[in-house]
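**Q** Please read through the structure below; I'll follow up with questions.
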2 protein chains.
Amino acid sequence: MTLQALVEKKVKEARAAARPLARLGSDVKNRALRLMAERLETGKDRLEEANLKDLSRARDRGLSEAMIDRLRLNDARIGAMATGLREVAELPDPVGEVMRMWKRPNNLQIGKVRVPIGVIGIIYESRPNVTADAASLCLKAGNAVVLRGGSEAIHSNGAIAHILAEAAQEAGVPEGALQFIDQTDRDAVMHLLKMDRHVDLIIPRGGEGLIRTVCENSTIPVIKHDKGVCHTYIDRDADEQMAVRIAMNAKCQRPGVCNAMETLLIHEAAAETLLPELGRRLVTAGVQIRGCPKTRKLIAESVDATETDWHTEYNDLILNVRVVASLLEAMAHINQYGSQHSEAIVTRDYERARQFLAEVDASAVYVNASTRFTDGYEFGFGAEIGISTNRLHARGPMGLEELTSYKFIILGDGQIRE
Amino acid sequence: MTLQALVEKKVKEARAAARPLARLGSDVKNRALRLMAERLETGKDRLEEANLKDLSRARDRGLSEAMIDRLRLNDARIGAMATGLREVAELPDPVGEVMRMWKRPNNLQIGKVRVPIGVIGIIYESRPNVTADAASLCLKAGNAVVLRGGSEAIHSNGAIAHILAEAAQEAGVPEGALQFIDQTDRDAVMHLLKMDRHVDLIIPRGGEGLIRTVCENSTIPVIKHDKGVCHTYIDRDADEQMAVRIAMNAKCQRPGVCNAMETLLIHEAAAETLLPELGRRLVTAGVQIRGCPKTRKLIAESVDATETDWHTEYNDLILNVRVVASLLEAMAHINQYGSQHSEAIVTRDYERARQFLAEVDASAVYVNASTRFTDGYEFGFGAEIGISTNRLHARGPMGLEELTSYKFIILGDGQIRE
């Protein structure tokens, strides 16, 4: 069988499973999720054996210790996957929810009802836990899923997927609902991206290269989880302690993620008193500062920021700092350099808070809080498949609801159109 | 300037207008819509002059009288466009609506707020009224719009767009918010479809050929308005009079549209008493019937239906009829041949009604009503940009809400992430 035929076979099996899966009761889906969790735990030895193959291959290929650590499956990580599955089982089932129901003058009753999307392809890199996360969320939302993990974790991902698919089927999930593409050939992804007759949505999770490849080659709708160049703007009237606390948190609490701050903007009236102290604390926390000319004068340890820096998502302990003359200048900077992900203002001023909320175009706009809260769990969705940087269908943190579509049901008593 | 540069110039002007337009108050937008209506009425002579050019060109090219009639602009049609604009002005503004607002345990208040999508490209054929319809809905939802009408109506469309853009700007809409591509070269569309950096959504309105071209070539998300192969299933326990009334309406009230019935399915227990009478009425109404072997015996005037027929959207007074042995067989037929648009059951049975609603996968699923109601106005949306056959972002009738995206606003008192 050709590679294309192999991929198509799996995709078609997922398609065939999607319809019965869409009608499955929550009880069956939840039972399946709990059995999947149990089987991951009891299949620990098998998982660790598969994982060893990936680890030894990673060492042979000279991957960094940090990369190797991301691949590692141990008791704690297997336990975390199982816990994740059980948490998804506890979440409300979005499928069948009547989002709205209304009556027309002719007595037709119209309801908008959540239904699954159908077949979702997830293309991801590195960490094997994505296999369990993505599979559980797609299943709970009634979708068949085609998983395609990175080659570095191919054995671990394959073993996880195999255990999950087996348990799901045993619990009554239609056979074929959970597919795993174990061909590491890059062309397998290319073939998958063209199968728009069978796959309804592609979600890429990974670095910029992966996302670009997917967007450029997919004939299937893609929901991107792209970069975050996030700003925090400290206004002239900000509470100084609050401003420092929020800025430190947004930069340092977990610098490697998309909702961390990359650029601090500060009003010139606040800069002189606040920036030297804030600079010291950032530098003490290991942050390298790249500043505008005014910043350079106020923070001795800073270096010059280049034009490229303002555009850059560092995902690291590096921060751009720019002193601005007004809220308008801050918003103009954000509009020019931001990636419409998460943007915050720290202020005491009611009017400027409202203006920032209204005029900044980003998936999450904050007043007096850290941008680090852009997250499905922090928003209260109970789960997260990712953070969409699209404007259509889903924007920002995506939970179970964002993995659904809807249909209209219309209840009549013989109505016809005049 | 090259064709590509010309198109890009317009698209960029729309992009630049999108941000201030997104913040425009409803009062300005509504004033603009009313002024646009007024100017269409007072610009009647100019419109009819432009229209004459299209009509004479259409005659030279030997277009059918029906096609020529669709292109014609007269007092009534100009009046209808103006009325449409005024109706859109009366509709509630979706932008800024807080769809949901909730509080997290850490006291963060999170709101999901409707915002415009940004820049929308509309690619359409034939009827000039689409120019006014599409422009008004996009504007009301705060979007800049790039219009590209068919070459047959290029002068009429251009004149309408010019009047509308002028009036909008006079009323305070940012310059450039309404763009019209007057280059009839097909390549203009191809260029537009690749400008994903500036355009957020493409909506094609027209025949199958246009939709296929757009889907195959666009790097911008597309919301399709594709074909409708709609079924009505008459169950064994249906009210006979109701069944006849609904079937006649679904087929004959306006056969040329996507929500008209193309195939009638009827339970064998109902066929013998109902089909001869229904057949007579359909034939009297001018409907040609293509039937399964059982239908052939019950309706003398019918001819054999081919496999292709079951797949076909006739948009005409032609109907496929098939006798089935059960609800399951009817649903299997719908799943195999339907286009997931609008599907109806006529029944008195509670359980089968519920099963049909739950198991038929279509954008609109009816019990005891005509499929002809799948329509933004009939659903109560107050407007319609089209009927989406996508599963993502918008499915079924699309009104103003479906022309929006959303963002999250987060109100804090200094919260940071632990």
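Just so it is clear, none of the values below were taken in a lab; they were calculated from the coordinates. Small disclaimer: the values here were computed from a predicted structure and weren't measured. For neighbour counting, all protein chains shown are included, and Cβ atoms are generated from backbone atoms with ideal geometry for every residue, glycine included.
**Q** Reachable lysines from B:LYS44, Cα under 19 Å, same-chain residues fewer than 8 places away excluded?
**A** Filter leaves B:LYS53.
**Q** Quick check on the stretch B:73-119: what are the equivalent-ellipsoid semi-axes from the Cα gyration tensor, as sqrt(5λ), descending, whole Å? Could you put the intermediate results ahead of the total?
**A** On the way: eigenvalues 334, 20, 4 Å².
Listed largest to smallest, the semi-axes of the stretch B:73-119 are 41, 10, 5 Å.
**Q** Then there is this: Among B:SER126, B:SER326, B:SER136, which comes first, then next, by fewest other beta-carbon atoms within 10 Å?
**A** Numbers: B:SER126 17, B:SER326 14, B:SER136 29.
Ordered from fewest to most neighbouring Cβ atoms within 10 Å, B:SER126, B:SER326, B:SER136 come out as B:SER326, B:SER126, B:SER136.
**Q** Whose Cβ in chain A comes nearest the axis that rotates A onto B, and by how many Å?
**A** A:HIS393, 2
**Q** Still on this model: Give me, ordered by chain and number, the residues 5 or more places off A:GLY291 or on other chains with an amide H under 5 Å from its own placed amide H.
**A** For A:GLY291, the qualifying residues are A:VAL303, A:ASP304, A:ALA305, A:VAL321.
**Q** Take every Cα-Cα pair in chain B and report what % of them are more than 30 Å apart. List each step's numbers first, then the result.
**A** Values: 43660 of 87153 pairs.
In whole percent, the long-distance tail amounts to 50.
**Q** I need A:VAL189, B:VAL346, B:VAL119 ordered by Cβ neighbour count within 10 Å, fewest first. Please report the intermediate quantities before stating the final value.
**A** Values: A:VAL189 22, B:VAL346 30, B:VAL119 27.
Result, fewest neighbours first: A:VAL189, B:VAL119, B:VAL346.
**Q** Return the tail of the calculated pair distribution for the stretch B:251-306, meaning the percent of Cα-Cα pairs more than 19 Å apart. All intermediate terms of the calculation are to be shown ahead of the outcome.
**A** Details: 394 of 1540 pairs.
When all Cα pairs of the stretch B:251-306 are counted, 26 percent exceed 19 Å.
**Q** What is the magnitude of the charge dipole of chain B about its Cα centre, with +1 placed on the Cβ of each Lys and Arg, -1 on the Cβ of each Asp and Glu, and no other charges, expressed in debye to the nearest 20? Don't jump to the answer; show the numbers that get you there.
**A** Details: 54 positive and 58 negative charges, 182 e Å.
Value, rounded to 20: 880 debye.
**Q** So who's got an amide H within less than 5 Å of the one on A:LEU201, skipping anything under 5 residues away but keeping other chains? H placed 1.01 Å off N, in plane.
**A** Excluding prolines and chain starts, which carry no amide H, the hits are A:VAL119, A:GLY121.
**Q** Using modelled backbone amide H atoms (1.01 Å from N, in-plane), which distant-in-sequence or interchain residues come within less than 5 Å of A:GLY150's amide H?
**A** A:TYR124, A:GLU125, A:SER126
**Q** Could you tell me what fraction of 2.2 N^0.38 Å the Cα radius of gyration of the stretch B:1-81 comes to, as a two-decimal ratio? Intermediate values should be presented prior to the final figure.
**A** On the way: Rg = 17.6 Å, N = 81, 2.2 N^0.38 = 11.7 Å.
Cα Rg divided by the expected 2.2 N^0.38 Å: 1.50.
**Q** Something else now. Apply the Karplus curve 6.51 cos²θ - 1.76 cosθ + 1.60, θ = phi - 60°, to the phi angles in the stretch B:376-393 and return the couplings in whole Hz, x for Gly and Pro.
**A** Karplus-based 3J(HN,Hα) across the stretch B:376-393 equals x, 5, 5, 7, x, 7, x, 6, 8, 8, x, 10, 6, 9, 7, 9, 9, 6 Hz.
**Q** If I take all pairs of Cα atoms in the protein assembly as shown, what percentage of them are more than 36 Å from each other? Display every interim value, and only then the final one.
**A** Working: 183705 of 349030 pairs.
Result for the distance tail: 53 percent.
**Q** By counting other Cβ atoms within 10 Å of each Cβ, how are A:LEU319, B:LEU411 ranked from fewest to most?
**A** The fewest-first ordering by Cβ neighbours comes to B:LEU411, A:LEU319.
**Q** Can you list the distances in nanometres, one decimal and ascending, from the A:ARG77 label point to the identical position in each other copy, with the point 7 Å along Cα to Cβ?
**A** Distances to the matching label points in the other copies: 6.6 nm.
**Q** ³J(HN,Hα) across the stretch B:197-214 via Karplus (A = 6.51, B = -1.76, C = 1.60, θ = phi - 60°), whole Hz, x for Gly/Pro?
**A** Once rounded to whole Hz, the list reads 6, 10, 10, 9, 7, 10, 10, x, 10, x, x, 4, x, 4, 5, 4, 4, 5.
**Q** May I ask you to evaluate 6.51 cos²θ - 1.76 cosθ + 1.60, the Karplus curve with θ = phi - 60°, for each residue of the stretch A:304-311 and list the ³J(HN,Hα) values in order in whole Hz, giving x for glycine and proline?
**A** With the stated coefficients, the stretch A:304-311 comes to 5, 7, 9, 4, 4, 4, 4, 8 Hz.
**Q** Considering only DSSP beta bridges whose two residues both sit in the protein assembly as shown, what percent are antiparallel, to the nearest 5? Let's see the in-between values first.
**A** Numbers: 32 of 118 bridges.
Bridges in the protein assembly as shown are about 25 percent antiparallel.
**Q** Still on this structure: How big is the antiparallel share of DSSP beta bridges in chain A, given as a percent to the nearest 5? It would help to have the intermediate numbers written out before the result.
**A** Working: 16 of 54 bridges.
For chain A, the DSSP antiparallel bridge percentage is about 30.
**Q** Wrap a convex hull around the Cα atoms of the stretch B:94-154, take a quarter of its surface area, and give that in square nanometres. If you can, show how the numbers build up before the last one.
**A** Details: hull surface 19.2 nm².
Over every viewing direction, the Cα hull of the stretch B:94-154 projects on average to 4.8 nm².
**Q** Show log10 I(q)/I(0) for the stretch A:230-373 at q = 0.20, 0.21 Å⁻¹, two decimals, from a solvent-free Debye sum over equal Cα scatterers.
**A** Result of the Debye calculation: -1.21, -1.37.
**Q** Can I ask one more? Is there a quick way to get the dipole size of the stretch A:291-418? I mean about its Cα centre, with the Cβ of Lys and Arg at +1 and of Asp and Glu at -1; what is the value in debye to the nearest 20? Could you put the intermediate results ahead of the total?
**A** Numbers: 12 positive and 19 negative charges, 61 e Å.
That gives the stretch A:291-418 a dipole magnitude of about 300 debye.
**Q** Take every DSSP beta bridge with both residues inside the stretch A:230-373 and express the antiparallel ones as a percent of the total, to the nearest 5.
**A** 0 percent
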